[in-house]
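The values are calculated or read from the model by the stated rules, or taken from the named source; none is laboratory data. All values derive from a computational prediction rather than experimental measurement. Glycine gets a Cβ as well: all are built from the backbone with ideal geometry, and neighbour counts include every protein chain shown.
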Amino acid sequence: MIGLALKLLRDELSEYVFQNKRPGDTITQDDVILHNIALMGEEAGADLNNKIVITLVNSEEESTLKNNGNTVRTINGFRYVEPAVFLNLYILISATLGKDLQDAYEFALHRLSSIVQFFQAKKSFTVKNSPFTSISNDNNIPQEIKDQLRLNVELYTLTFEQINHLWGSLGGKQVPFAMYKIRLVKIQENTGQDAPVVETINTIETMINAECDE
């Protein structure tokens, strides 16, 4: 579910950035990627140059939803399941520089502006309101899962100390970036224990009366 959530955002963001790119910018939809920005500058990260890179840097449980009910209505009765886990995801969106571009930094700043504009204009995401995502046409993804993708995105501001610690932990040089908090990603295993519908309730008085009738 985490991967699908980020893929949904990537698909929508990539189209917006491409349509609003600066003249002379060669960025394409395929240049907006899900990847670990910590690999930037390494051999394995050579393909991260001149890209927009979406990286998951943290996740937390939404504590206010921990005590939801754990029964689900079924055709034959009820199913007892463990409550779903709702996650908030923190994503770092980095506009990396192109080594061979003279105006690489300016292009990166313009792309960052497009990112902020995109999420300013659209804060809530579902499969239905996201026409550019390939998830909607993927028959391998159950419709129930698609319907559960309901994301709310907000800009998350870091202090200078937090920025220094973040990029230090990622082990790379800082590039133009923005961090966003995504609420809420639902994760639940589709298993549980079935229980039949309770059709009659036998109280002590009813049981005594039944014995007397006998």
Can you find even one residue in the stretch 61-81 that is at pLDDT below 95, part of a strand (DSSP E or B) and within 19 Å of the chain's Cα centre (by Cα)? yes
Checked the stretch 32-51 for anything buried (at least 21 other Cβ atoms within 10 Å of the Cβ) and either under 17 Å from G168 (Cβ atoms) or modelled with pLDDT under 95 (or both); matches are I37, M40, L48, K51
Restricting attention to the stretch 1-34, and to residues there that are polar (S, T, N, Q) and within 16 Å of I54 (Cα to Cα), which single residue is nearest to the chain's Cα centre (by Cα)? S14
Search result, residues across the stretch 142-165 that are over 16 Å from the mean Cα position of the chain (by Cα) and not charged (D, E, K, R): P142, Q143, T157, L158, T159, F160, Q162, I163, N164, H165
Out of all the residues in the stretch 47-59, is one or more touching a residue at least 60 places away in the same chain (Cβ under 8 Å) and in a loop (DSSP other than H, G, I, E, B)? no
Within the stretch 4-17, is even one residue surrounded by fewer than 17 Cβ atoms within 10 Å (Cβ to Cβ), more than 13 Å from L92 (Cβ to Cβ) and not charged (D, E, K, R)? no
Could you please tell me which pairs satisfy a Cβ distance under 9 Å, a separation of 6+ or placement on different chains, a first residue in the stretch 96-119 that is within 16 Å of M179 (Cβ to Cβ), and a second residue that is modelled with pLDDT of 95 or more and of a type in the set (D, E, K, R)? F118/E12; F119/E154
